[in-house]
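Structure, as structure tokens:
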Amino acid sequence: MTTVTRVHAVVSGTVQGVGFRYWTARKADGLDLVGYARNLFDGTVEVEAEGPSVAVDSLVECLRTGPPSATVTDVTLRTVAPHGDADGFAILH
């Protein structure tokens, strides 16, 4: 049995204007996760991802480094209840 989990992450550093949301969406799609990534007004990127716990953990590890164009200084995580209602991984504006 696969455990489904959902995580909320806020990624700090040079993460806006460098393709971070699109990179995150590609990684999440490859891991068959659902959720979203969006820029926040304070210059961070918010990510919520849901799926098998192993896949969510893999995405979190990816978020800690980001794409080559980004500089990640911090990732703040919290576990949230799975929604089970998302279809795919969205890039929100």
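Can you spot a residue in segment 1-15 that is free of Cβ contacts under 8 Å to residues at least 40 places away in the same chain and of a type outside the set (Ser, Thr, Tyr)? If you could, list the steps in order and put the result at the bottom.
Of all residues in segment 1-15, those free of Cβ contacts under 8 Å to residues at least 40 places away in the same chain come to 1.
If we keep only those that are of a type outside the set (Ser, Thr, Tyr) as well, we get 1.
Yes, because at least one residue in segment 1-15 is free of Cβ contacts under 8 Å to residues at least 40 places away in the same chain and of a type outside the set (Ser, Thr, Tyr).
With respect to Thr3, is the statement that it is modelled with pLDDT of 95 or more and of a type in the set (Ser, Thr, Tyr) true?
Details: modelled with pLDDT of 95 or more: no; of a type in the set (Ser, Thr, Tyr): yes.
It is false that Thr3 is modelled with pLDDT of 95 or more and of a type in the set (Ser, Thr, Tyr).
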Keeping to segment 31-45, report how many residues are within 12 Å of Gly13 (Cα to Cα) and acidic (Asp, Glu). 1
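The values are calculated or read from the model by the stated rules, or taken from the named source; none is laboratory data. Everything quoted here is computed from the prediction, not taken from an experiment. Ideal geometry is used to build each Cβ from the backbone, glycine not excepted, and the neighbour counts take in all protein chains shown.
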